[in-house]
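Trainee: The structure is given below, and queries will be raised subsequently.
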Amino acid sequence: NTAVDARHASARTRRMTTLLEDFRPLLDAAVGIAVDDPARACAELTRRLDPTSPAARALNAKLLARLNAGEIANRGALPVKYGRVCKASPETNDFSIDVVHMNGAGPQHRHPAGEINWCVTLDGAPTFMGRPAGWVVEPPGSQHVPTVADGTMLIVYLLPQGKIEFQA
């Protein structure tokens, strides 16, 4: 039935719009950030959205609610639960959005255009790639085995142009 299909499509669009609005503070903070100098990029990102600010705490609460509702990072099993929120588009400032719930090591990958990460502590005193919760930036051409140690994190990956290369 065409009317039923249209209603379902409209409901999906509304859900995606609401979901994207929860990520808007991260997308807005990341727009125009040069990722070739990770330390400078992290400093500017922190200036734009300080991980200790009330705005960051409100964002983290929304992300946690979405995680608990099974709306993000809902594939796989710990140590790595993951999910793509959306592909890169003009609406997302040309970033794809992936969310990972981690308490160990993930799959090795390369960042052709770099990577901007928003890391949220869920339990313990976790670090992502040796760095505490907050912003973590990887430069273009970098590669790693993403690893959370000493606890559990929720990590939002913003990938410029959605570019990522997984390695065997």
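Trainee: On the given criteria, is Asp98 assigned to a strand (DSSP E or B), at pLDDT 95 or above and in contact with a Ser or Thr (Cβ under 6 Å, 6 or more places away or on another chain)? So that I can check it myself, show each step before the final result.
Mentor: Working: assigned to a strand (DSSP E or B): yes; at pLDDT 95 or above: yes; in contact with a Ser or Thr (Cβ under 6 Å, 6 or more places away or on another chain): no.
So Asp98 fails the test.
Trainee: Quick one: what pairs do we get from segment 20-45, first residue under 17 Å from Ser96 (Cβ atoms) and in contact (Cβ under 8 Å) with a residue 24 or more places away in the chain, second among the charged types (D, E, K, R) and in a helix (DSSP H, G or I), C-beta under 7 Å, 6+ apart or different chains?
Mentor: Leu20/Glu91; Asp22/Lys62; Asp22/Arg66; Ile33/Glu44
Trainee: In segment 73-88, how many are within 18 Å of Gly104 (Cα to Cα) and assigned to a loop (DSSP other than H, G, I, E, B)?
Mentor: Our first condition is that a residue be within 18 Å of Gly104 (Cα to Cα); within segment 73-88, this holds for 73-83.
Subset that is assigned to a loop (DSSP other than H, G, I, E, B): 73-74, 78-79.
Of the residues in segment 73-88, 4 are within 18 Å of Gly104 (Cα to Cα) and assigned to a loop (DSSP other than H, G, I, E, B).
Trainee: Any idea how many residues of segment 139-168 are hydrophobic (A, V, I, L, M, F, W, C) and over 26 Å from Asp28 (Cα atoms)?
Mentor: Residues in segment 139-168 being hydrophobic (A, V, I, L, M, F, W, C) and over 26 Å from Asp28 (Cα atoms): 4 in total.
Trainee: OK, next. I'm checking my understanding of the structure. Among residues of segment 31-54 that are over 17 Å from Arg131 (Cβ atoms) and assigned to a loop (DSSP other than H, G, I, E, B), which one is most open to solvent (accessible area, probe 1.4 Å)?
Mentor: Filtering first and then ranking leaves Asp36.
Trainee: Scan segment 103-141 for residues that are of a type outside the set (Gly, Ala, Ser), buried (at least 18 other Cβ atoms within 10 Å of the Cβ) and part of a loop (DSSP other than H, G, I, E, B) and report the count.
Mentor: 1
Trainee: Only one of these conditions is not met by Thr92: (1) of a type outside the set (A, V, I, L, M, F, W, C); (2) surrounded by 15 or more Cβ atoms within 10 Å (Cβ to Cβ); (3) at pLDDT 95 or above. Which number is it?
Mentor: Checking Thr92 against (1) of a type outside the set (A, V, I, L, M, F, W, C); (2) surrounded by 15 or more Cβ atoms within 10 Å (Cβ to Cβ); (3) at pLDDT 95 or above, the one that fails is (3).
Trainee: While we're here: List pairs: first residue in segment 100-112 and in contact (Cβ under 8 Å) with a residue 60 or more places away in the chain and under 22 Å from Asn60 (Cα atoms), second residue open to solvent by less than 10 Å² (accessible area, probe 1.4 Å) and outside any strand (DSSP E or B) anywhere in the structure, Cβ distance under 7 angstrom, at least six positions apart or on different chains.
Mentor: Filtered contacts from segment 100-112: no entries.
Trainee: Could you list, in sequence order, the residues of segment 56-77 that are exposed (fewer than 14 other Cβ atoms within 10 Å of the Cβ) and either charged (D, E, K, R) or in contact (Cβ under 8 Å) with a residue 60 or more places away in the chain (or both)? It would help to see each step written out before you state the result.
Mentor: If we filter segment 56-77 for residues that are exposed (fewer than 14 other Cβ atoms within 10 Å of the Cβ), which is where we start, we get 57-58, 61, 65, 68-70, 75-77.
Listed by number, the residues that qualify are Arg57, Arg75.
Trainee: To continue, here is another question. Taking into account only those residues within segment 145-165 that are surrounded by 15 or more Cβ atoms within 10 Å (Cβ to Cβ) and over 14 Å from the mean Cα position of the chain (by Cα), which is farthest from Ala113 (Cα to Cα)?
Mentor: Just the residues of segment 145-165 that are surrounded by 15 or more Cβ atoms within 10 Å (Cβ to Cβ), to begin with: 146-149, 151-160, 162-164.
Now drop any that are not over 14 Å from the mean Cα position of the chain (by Cα), which leaves 147-149, 151-152.
Numbers: Thr147: 20, Val148: 22, Ala149: 25, Gly151: 28, Thr152: 27 Å.
Among them, the one singled out is Gly151.
The values are calculated or read from the model by the stated rules, or taken from the named source; none is laboratory data. Predicted model, so just to flag it, every value in this text is computed and none were measured. Note that each Cβ is placed from the backbone with ideal geometry, even for glycine, and that neighbours are counted across all protein chains shown. For accessibility, only protein heavy atoms count, side chains too; no ligands or nucleic acids. Shrake-Rupley method; radii C 1.70, N 1.55, O 1.52, S 1.80 Å.
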